[in-house]
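**Q** Got a structure here, written out as structure tokens. Questions coming.
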Number of protein chains: 2
Amino acid sequence: MATMTAAQRREAAKAAFDDYMAVCPAHQLLDVLGTKWASMVLTNLADGPRRYAELTRAIPGASAKMLTQTLRSLERDGFVVRSVTPAVPVQVEYALSVLGEKVLPVLTHVQDWANAHIVQIQAARERYDNQ
Amino acid sequence: MATMTAAQRREAAKAAFDDYMAVCPAHQLLDVLGTKWASMVLTNLADGPRRYAELTRAIPGASAKMLTQTLRSLERDGFVVRSVTPAVPVQVEYALSVLGEKVLPVLTHVQDWANAHIVQIQAARERYDNQ
DNA sequence: CCGCATCCTTGATGATACTG
DNA sequence: CAGTATCATCAAGGATGCGG
């Protein structure tokens, strides 16, 4: 409408933008991988399937709650497969799915770049902080 | 010490792990790129330098505060260069640094993968949610 | 035009205790 | 062993108003 106020126009633009953001694939992926523990879990599972307690030990920084939450999220997105073996007590194993294997190269690509340029980043930080 | 309790041992492990995490280059990078607006800003600057107000219009979803915060963070890490032109009123221009140009391929790599696999991810989500 | 300071709300994270 | 439930905390994000 031509009678929209500036504020209304801004709000409309923001709403449209939010819609776009919500479906932007890249952003969805970064949201998952950027999570505090997701990359850690994926990297761990890259070596092979792991049981819940093994992951707990491998990633001491994550609380049980966060580990579970991360695993659920990765499972939901189809990166990780959870399989339960009936026994006493039950055994639960987490493994990468095919999709999970496929996302690994993206992760290592990021890691390689980070390792190669972290020195420059830290130098930039010191320059910035020292004035 | 051999006299450590289990709780103490866990705490020590966690502290060591936190130290490791703090210096893990990949995680530092993901922390920045995983930020709500960082990738958006970088993608925008990929087309050329932009003034503050231009970025505000290009990214209506970000509040002024968040945009500034994001730009400061990117500037600190050396991805973005901020240049002020004395005038009335002052003009501020943001541009990618050499390092910023170099990180772009990583970003597009993520984007390409996300675009190629978003369908599978969404399918997995529906499967997971529908039971 | 650019952007800092302030206040406020909300979601993410974590510690702890408990269950099948 | 493999979680869930609850409560507490804290930082991120956002709205608003002011200053250079």
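The values are calculated or read from the model by the stated rules, or taken from the named source; none is laboratory data. All of these numbers come straight from a predicted model, not from anything done at the bench. Please note: Cβ atoms are built from the backbone with ideal geometry, for glycine as well, and neighbour counts cover all protein chains shown. Ligands, DNA and RNA are stripped out before the accessible areas are found, and what is left, the full protein with its side chains, is counted by its heavy atoms. Shrake-Rupley method; radii C 1.70, N 1.55, O 1.52, S 1.80 Å.
**Q** Quick check on chain B: helices-only [θ] at 222 nm, where DSSP H runs of length 4 and up contribute -39,500 (n - 2.57) each and the sum goes over total residues. Nearest 500, please.
**A** For chain B, the value works out to -21500 deg cm²/dmol.
**Q** Here is a further query. Over every pair of different alpha-carbon atoms in segment B:54-131, take the mean of 1/r and invert it; report that Kirkwood radius in Å. Can you show the working numbers first?
**A** Numbers: mean 1/r = 0.0643 Å⁻¹.
Kirkwood hydrodynamic radius for segment B:54-131: 15.6 Å.
**Q** OK, next. So how strong a dipole does segment A:83-130 carry about its Cα centre when Lys and Arg Cβ are +1 and Asp and Glu Cβ are -1, to the nearest 20 debye?
**A** My answer is approximately 100 debye.
**Q** Related question: Treating the point 7 Å from Cα along Cα-beta-carbon as the label, what are the nm separations from A:Gln91 to the other copies, to one decimal?
**A** The projected label point of A:Gln91 is separated from its counterparts by 6.9 nm.
**Q** On to the next question. Could you work out Rg/(2.2 N^0.38 Å) for chain B, with Rg from alpha carbons only? Write down the numbers at each step before the final one.
**A** Working: Rg = 20.6 Å, N = 131, 2.2 N^0.38 = 14.0 Å.
Relative to the 2.2 N^0.38 Å estimate, chain B comes out at 1.47.
**Q** Using packing as a proxy for protection, rank B:78-89, A:29-40 so that the peptide with the highest average count of other Cβ atoms within 10 Å comes first.
**A** Peptide ranking by packing, descending: A:29-40, B:78-89.
**Q** Follow-up. Can you list the residues, at least 5 places off or on another chain, whose amide H is less than 5 Å from the amide H of B:Gln91, using H built in the peptide plane?
**A** Answer set, sorted by chain and number: B:Thr85.
**Q** Further question: Any aspartates and glutamates with Cα under 16 Å of the B:Lys65 Cα? List them, leaving off those in the same chain fewer than 8 positions away.
**A** Within the straight-line limit of under 16 Å, B:Lys65 reaches these aspartates and glutamates: B:Glu54, B:Glu75.
**Q** Determine ³J(HN,Hα), in whole Hz, for all residues of segment B:60-77 in sequence, where each value follows from phi through the Karplus function 6.51 cos²θ - 1.76 cosθ + 1.60 and θ = phi - 60°; x replaces Gly and Pro.
**A** x, x, 8, 6, 4, 4, 5, 4, 4, 4, 5, 5, 4, 4, 5, 5, 4, 7
**Q** About its Cα centre, what dipole magnitude does segment A:33-106 give when the only charges are +1 on Lys and Arg Cβ and -1 on Asp and Glu Cβ, stated in debye to the nearest 20?
**A** On the way: 9 positive and 6 negative charges, 45 e Å.
In total the dipole reaches around 220 debye.
**Q** While we're here: If I model the protein assembly as shown as equal point scatterers sitting on the Cα atoms and use the Debye formula, what is log10 I(q)/I(0) at q = 0.07, 0.11, 0.14 Å⁻¹?
**A** Here log10 of I(q) over I(0) equals -0.32, -0.73, -1.07.
**Q** I've got another one for you. Would you work out which of A:Val41, A:Ala95, A:Ser63 lies farthest towards the positive end of the dipole of segment A:8-131, given +1 charges on the beta-carbon of Lys and Arg and -1 on that of Asp and Glu, about the Cα centre?
**A** A:Ser63
**Q** How many Å² of accessible area per residue for chain B, probe 1.4 Å? Can you show the working numbers first?
**A** On the way: 7440 Å² over 131 residues.
It amounts to 57 Å² per residue over chain B.
**Q** Using a label position 7 Å from Cα in the Cα→Cβ direction, what is the ascending list of nm distances from B:Lys36 to the same site in the other copies?
**A** Computed spacing set for this position: 1.8 nm.
**Q** Taking 41 Å as R0, compute the FRET efficiency from the Cβ-Cβ separation of B:Gln120 and A:Val88 and round it to 0.05.
**A** 0.70
**Q** Grab the residue from chain B whose Cβ hugs the B-to-A rotation axis most tightly, plus its distance in whole angstrom.
**A** Spelled out as residue then distance in Å, it is B:Gly34, 1.
**Q** Just to confirm the number: angle between the C-alpha axis of helix B:6-23 and the first principal axis of chain B, 0 to 90 degrees, nearest 10?
**A** 20
**Q** Can you give the charge dipole size of the protein assembly as shown about its Cα centre, rounded to the nearest 20 debye, using +1 on the beta carbon of Lys and Arg and -1 on the beta carbon of Asp and Glu?
**A** 520
**Q** Chains B and A: buried accessible surface, both sides, probe 1.4 Å, rounded to 100 Å²? Don't jump to the answer; show the numbers that get you there.
**A** Details: alone 9670 and 9650 Å², together 14850 Å².
Counting both chains, the buried surface is close to 4500 Å².
**Q** Find how many whole Å separate the alpha carbon centroid of segment A:28-80 from the alpha carbon centroid of segment B:12-49.
**A** Measuring centre to centre over Cα atoms gives 17 Å.
**Q** I would also like to ask the following. Can you list the residues, at least 5 places off or on another chain, whose amide H is less than 5 Å from the amide H of A:Val80, using H built in the peptide plane?
**A** Under 5 Å from the amide H of A:Val80: A:Glu75, A:Ser97.
**Q** Using Cα-Cα distances under 8 Å and only pairs 6 or more residues apart, what relative contact order does chain A have, in percent?
**A** Relative contact order for chain A comes out at 20 percent.
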